[in-house]
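Input: a single structure, listed below in structure tokens.
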Amino acid sequence: MKGLLRRLSTWEAACAALCLALVGFSCRGALLCAARGGLDAGSLAVIVRWDVPALALAALLVLACWGLGLRLRDDLDAPAAFGLGLGLLGSAVLALGVFGWLRRPALAALLAAAGAAGLPALWAHRFAGAAKKPSAARSAWAPPAGAVLGFAGLSALAVALAPATAWDALAYHLAEPKLLLRAGRVLEIPWMVHSHWPSLMETLYALPLSFGLDCAAALLHAAACAAWLLAVFSAARRRLGEGCAWLAVALLGAQPQLLELAGTAHSDGALALFHFLACVSLWDWKEDGRERDLALGGIFSGLAASCKLLGAIPLAALSAWTLWQAPRGGKTRAWLLYTGAALAVVAPWYLKSWVLAGDPVWPFLPSLFAARFGARWVAAATRAADAASVPAWRLLVGGGALWLAVPAAALSAAALMARRRWPGFLAFLWLPVPLYVLLVGAHAELWRLLWPFWPAFALTAAYWAGQFGAAAAPAAAFGLCGLAAVSPNNALFGALGLRPASGAADRRARYLDAALDDYAFEEKVNALLAGRPAKVLLFREIRGYYLDVPYEWGDPVNQGLIRYDRLPDAAALRERLAGLGVTHVLVDEGLAMYAPGATYYSARTVSLMDACLRLYAVPAMREGALALFALKQSPVPQIAADARSPGNIGSRPSGGEPLRKPAASHPVDSSHPARPDASAAFGAGRKRGK
């Protein structure tokens with residue numbers, strides 16, 4: 001240790017101290033608890049039971065994907081090989097689901113096959129690149145970038161190993177694969193809009209979930225984010241210089257949304273990885289003319305489009321660029337090679353939605369296709385909600401956009417005024433952005449949806465900062481100030497199983513109870529309805545991952561099975577619920593984002609449900625803002641054809657074991673007092689929305 005300290009310069013030591021300070025400040029609550037005896041034998045049991053298996057499975061998945069990519073093309077660098085293998089493995093899980101083999105034995109066999117194919121290839125290439133000439137001089141930005149990336153990596157690791165609490169993960173990124181595992185196959189879930197869209201990562205997450213390890217899914221997404229940062233660094237160092245590369249990844253690592261989402265089971269990090277790898281491959285093709293690079297770019301664009309429906313937008317922009325960039329006489333061949341490779345990869349996802357939902361891009365273009373599940377209504381409701389959700393000026397500063405967009409805009413303006421020439425690769429990265437913003441610009445989470453194009457912002461700021469020297473240092477430093485906007489990270493409580501103040505036996509359940517306003521209530525719903533033919537409608541709530549009973553959303557925007565505006569009265573709503581097989585309604589009145597308003601949950605919709613529950617239901621449980629109502633028995637009309645597909649999907653994953661062991665709980669009547677706020681033991685308030 002003393003030798004290491006002697007080798008560090010003052011600047012490097014200061015940056016290392018900065019990294020430790022960031023970690024200490026962010027995780028101060030958990031570290032203080034551990035220092036006071038919170039880390040004990042119970043913590044060791046949590047680490048051995050949950051953290052070690054999740055880390056082992058995630059490591060196997062990452063190494064297998066890396067090796068599979070090398071097996072397919074042995075000249076790829078690490079990010080490209082990992083990305084190619086990740087896409088292949090996700091597509092293989094989709095194939096298993098199509099044939100109805102989405103069960104633990106089949107998934108375990110797939111994992112074993114992937115390991116057997118990938119690990120030997122990875123071992124054979126373990127010394128690849130060892131003879132590369134090292135960089136002559138390290139950039140001054142390397143130490144601060146290392147500090148930022150070290151902090152980001154430790155934060156992502158803590159969040160990934162803690163029980164899942166992220167809104168999107170609980171609503172669909174983890175909930176969808178859990179439902180697919182229950183059914184043992186890939187299917188359309190009519191009431192979950194995201195299930196109609198390409199969902200490569202969500203389908204892949206079924207593999208770790210089949211072993212009851214959702215933390216491994218979060219770690220896999222963290223690995224995709226790390227590969228994305230490495231790909232950006234590698235491409236920037238090769239084309240724009242080492243200083244630009246270090247500063248760019250530091251700016252990206254300081255992004256608040258990256259720090260928030262990298263350690264969760266998400267899809268945006270993988271989408272960003274695939275899109276950037278596609279851009280790198282296409283630029284390689286432009287420089288060397290090798291068709292194998294063009295085809296690889298198409299494969300990566302197809303994988304990006306397989307992660308998210310929005311991935312089709314940059315695919316279209318790059319397809320047009322390929323046609324324009326190809327040499328005269330070879331334009332058609334180049335365009336067909338790139339576009340054909342991309343469509344071959346993404347086509348199974350569109351075909352699935354076309355066959356099962358009647359529309360390959362559900363709910364859009366319902367007039368062109370015979371779209372089912374109320375697609376026309378959902379499309380109109382989505383447009384109305386987006387148009388009225390957020391003022392336009394907030395889209396420019398929300399989600400941490402300020403810290404990256406301002407340096408990029410300021411330094412770009414300086415470059416234009418100085419009539420500096422832009423590097424071709426840097427200009428190329430901006431190509432899909434105008435079309436993307438034109439089509440997605442009204443969305444309330446625009447900056448998160450722009451994640452695939454963050455490298456364009458970061459590399460622009462970093463490159464021109466290097467060109468203008470010390471004069472641009474304030475702008476570059478401003479980009480790193482996003483670290484100050486990061487909220488406290490209390491995930492270490494759940495990751496390490498630190499002893500809470502109450503000394504609860506199940507520490508992970510105790511963490512979830514403190515971090516989520518609905519977890520304890522949903523566990524009681526599980527206990528109350530276990531073994532009963534029940535189906536729960538979630539009203540003013542969509543987080544259903546921890547429910548082990550059949551459920552569906554009653555969301556008035558993201559599903560089209562219950563069209564509240566067409567129901568004249570409470571009796572019609574009761575009849576529709578009976579037709580869907582709903583036996584209980586769970587209402588969450590505590591979420592501000594779902595409060596009665598003009599566009600989302602309108603006052604009429606809320607009043608209609610209130611009247612239905614008052615006339616046709618009885619209270620079953622109530623805790624604070626959460627309530628469960630049991631619908632009174634009545635003649636059940638014939639189930640509508642468009643509601644049969646989800647059915648009553650079984651309450652357990654096909655692997656046999658529940659994903660989470662339900663905490664001991666008991667039903668309470670409507671007079672049960674609200675439980676006290678348990679978050680004080682963890683130093684965090686309850687989450688009431690996104």
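The values are calculated or read from the model by the stated rules, or taken from the named source; none is laboratory data. Since the structure is predicted, the reported quantities are computational estimates derived from the model, not experimental observations. What goes into the accessible areas is simple: the full protein's heavy atoms, side chains included, and nothing from ligands, DNA or RNA. Shrake-Rupley method; radii C 1.70, N 1.55, O 1.52, S 1.80 Å.
For helix 401-417, report the angle its Cα long axis makes with the longest principal axis of the Cα atoms of the chain; keep it between 0 and 90° and round to the nearest 10°.
Taking Cα atoms only, the helix is inclined about 30 degrees.
Given H placed on each backbone N at 1.01 Å, which residues far from residue 617 in sequence or on other chains put an amide H within less than 5 Å of it?
Distant-sequence amide H within range of residue 617: 632.
Based on the alpha-carbon gyration tensor of the range 23-80, what equivalent-ellipsoid semi-axes (square roots of 5 times the eigenvalues) come out, in whole Å, largest first?
So the three semi-axes of the range 23-80 are 37, 16, 5 Å.
Keeping every protein chain present and rolling a 1.4 Å probe, give me the accessible area per residue for the range 200-250 in Å².
Normalised by residue count, the accessible surface of the range 200-250 is 19 Å².
Leaving out ligands, DNA and RNA, what percent of the accessible area of the chain is carbon and sulfur, probe 1.4 Å?
65 percent
What translational D, rounded to a whole number of µm²/s, comes out for the range 204-351 from Stokes-Einstein when the hydrodynamic radius is the Kirkwood one over Cα pairs, at 25 °C and 0.890 mPa s?
Once the numbers are plugged in, D ends up at 150 µm²/s.
What is the Cα radius of gyration of the range 62-108 over 2.2 N^0.38 Å, N being its residue count?
Rg over 2.2 N^0.38 Å, computed on Cα atoms: 1.26.
Just report the Cα centroid separation between the range 459-479 and the range 570-588, whole Å.
The two parts, judged by their Cα centres, are 58 Å apart.
Helix 104-124 sits at what angle to the longest principal axis of the chain, using alpha carbons and giving 0 to 90 degrees rounded to 10?
The answer is roughly 10 degrees.
Could you list, in their original order, any pairs among 308/331; 286/308; 308/352; 286/331; 178/308; 308/535 whose Cα atoms are separated by more than 21 Å?
308/331; 286/308; 308/535
In degrees between 0 and 90, to the nearest 10, how far off the longest principal axis of the chain does helix 214-239 point, with axes built from Cα atoms?
20 degrees
Averaged over every viewing direction, what's the projected area of the C-alpha convex hull for the range 216-264? Give it in nm², one decimal, please.
For the range 216-264, the mean projected area of the Cα convex hull comes to 3.0 nm².
Shape verdict for the range 398-497, please, from the Cα gyration tensor: rounded (a/c under 1.5), prolate (a/b greater than b/c) or oblate.
Cα axes put the range 398-497 in the oblate bin.
Binning at 5 angstrom from zero up to the longest distance, how are the C-alpha pair distances of the range 576-617 distributed in percent?
Histogramming the range 576-617 at 5 Å steps yields 5, 20, 26, 26, 16, 7 percent.
Can you tell me the Rg and the Dmax, both Å, for the Cα atoms in the range 179-252?
Cα-based Rg and Dmax for the range 179-252 come out at 17.7, 51 Å.
Could you tell me whether the range 65-194 comes out rounded, prolate or oblate from its Cα gyration tensor? Rule is a ≥ b ≥ c as square roots of the eigenvalues, rounded for a/c under 1.5, then prolate if a/b exceeds b/c, otherwise oblate.
Because a/c hits 1.5 or more and a/b fails to exceed b/c, the range 65-194 counts as oblate.
With bins 5 Å wide starting at 0, give me the P(r) of the range 447-548 over every alpha carbon pair, in whole percents.
2, 9, 12, 12, 10, 10, 10, 9, 9, 7, 5, 3, 1, 1
Counting pairs of alpha carbon atoms under 8 Å apart in space and at least six apart in sequence, what relative contact order in percent does the chain give?
Taking the mean separation of contacting Cα pairs over the length of the chain, I get 18 percent.
Quick one: work out Rg over Rh on the C-alpha atoms of the range 316-388, Rh as Kirkwood radius.
1.16
Based on the alpha-carbon gyration tensor of the chain and its eigenvalue square roots a ≥ b ≥ c, which shape applies: rounded if a/c is under 1.5, prolate if not and a/b is larger than b/c, or oblate?
prolate
With a Cα-only, solvent-free Debye model of the range 252-314, what are the log10 I(q)/I(0) values at q = 0.24, 0.30 Å⁻¹?
One equal scatterer on each Cα of the range 252-314 leads to -0.92, -1.11.
Under 18 Å between alpha carbons, and skipping anything fewer than 8 positions from residue 524 in its own chain: which aspartates and glutamates qualify?
506, 513, 541, 548, 552, 588, 589, 623, 669, 677
So what's the range 291-349 giving for Rg/Rh, alpha carbon basis, Kirkwood Rh from the mean inverse pair distance?
That ratio is 0.98, to two decimals.
From the phi angles alone, apply the Karplus equation (6.51, -1.76, 1.60; θ = phi - 60°) to the range 46-58 and give each ³J(HN,Hα) in whole Hz, x where the residue is Gly or Pro.
5, 4, 5, 6, 10, 5, 5, x, 5, 5, 5, 5, 5
In whole Å, what is the distance between the alpha-carbon centres of the range 145-197 and the range 205-257?
So the separation of the two Cα centres works out to 16 Å.
Quick check for you: with a 1.4 Å probe and neighbouring chains kept, what is the accessible area per residue of the range 277-387, in Å²?
That works out to 43 Å² per residue.
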